[in-house]
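Visitor: The structure that follows is given in the form of structure tokens.
What follows draws every value from the coordinates through simple rules; no lab data is involved. Everything numeric in this text was worked out from a predicted model, so none of it was measured.
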Amino acid sequence: MLVTTTNRVPDIDLVTNSLKSEYGEPADDFALNASVRRLEYAFESLSAVARKRILDIGCGAVTGRGEVEANPRTWAPWLPRAVVALGGEAVGLDTGRAPNEKFEFHRVDLRQPHCLDFLSGESFDGINCSNLFSSPLLQRLGFADVEMRKTLRQSLYESAVKLLKPDGIIIHFDSDFYDW
């Protein structure tokens with residue numbers, strides 16, 4: 001959990017600098033900054049993330065695939081790391097591995113129907129699914145077709161809604177916007 005020596009409300013710079021320090025990442029990592037900004041926007045402040053349970057679908061993981069491994073800062077599990085740093089509980093899902101992380105992780109083939117069924121219903125305050133559909137790995141695994149991604153997106157959305165608490169929110173951003 002992010003601890004400060006003052007009573008300062010966590011801000012984006014404080015959180016990103018803390019995570020950069022812990023994970024040894026350089027200061028120019030847009031993926032980290034974007035993840036923290038999504039949390040702040042979704043919950044109206046970073047302080048509100050404390051004690052929230054947040055699922056990150058396609059959180060980022062080690063895959064052994066060239067395009068992902070060539071850009072590890074982009075595809076790292078930044079959002080669940082930030083949730084934990086802010087005092088929340090994060091659950092990450094991805095097709096790869098996430099060794100030595102401080103959040104609960106499940107290796108899941110997100111292309112499969114009902115892949116979220118093992119999670120308890122109405123148990124998350126927020127569900128993030130960002131940059132999954134523009135992932136080079138997803139496209140390499142046979143989802144280069146726009147219609148296939150639309151079908152997958154709809155299936156995951158329908159499953160995710162069942163996992164939200166009644167006042168929960170879905171956080172979604174993807175650069176796969178050309179097909180809408």
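Visitor: Expressed in nm to one decimal, what extension gain is obtained for the pair N17 and V146 from 0.36 nm per residue of sequence separation less their Cα-Cα distance?
Guide: On the way: separation 129, 0.36 × 129 = 46.44 nm, distance 3.69 nm.
Extending this stretch completely gives an extra 42.7 nm.
Visitor: Quick check: residue separation of R107 and E44 times 0.36 nm, minus the Cα distance between them. What number comes out in nm?
Guide: Values: separation 63, 0.36 × 63 = 22.68 nm, distance 3.01 nm.
Gain on extension, R107 to E44, equals 19.7 nm.
Visitor: Find how much the distance from D117 to A34 grows on full extension, using 0.36 nm per residue of separation minus their present alpha carbon separation; answer in nm with one decimal.
Guide: Details: separation 83, 0.36 × 83 = 29.88 nm, distance 2.84 nm.
Gain on extension, D117 to A34, equals 27.0 nm.
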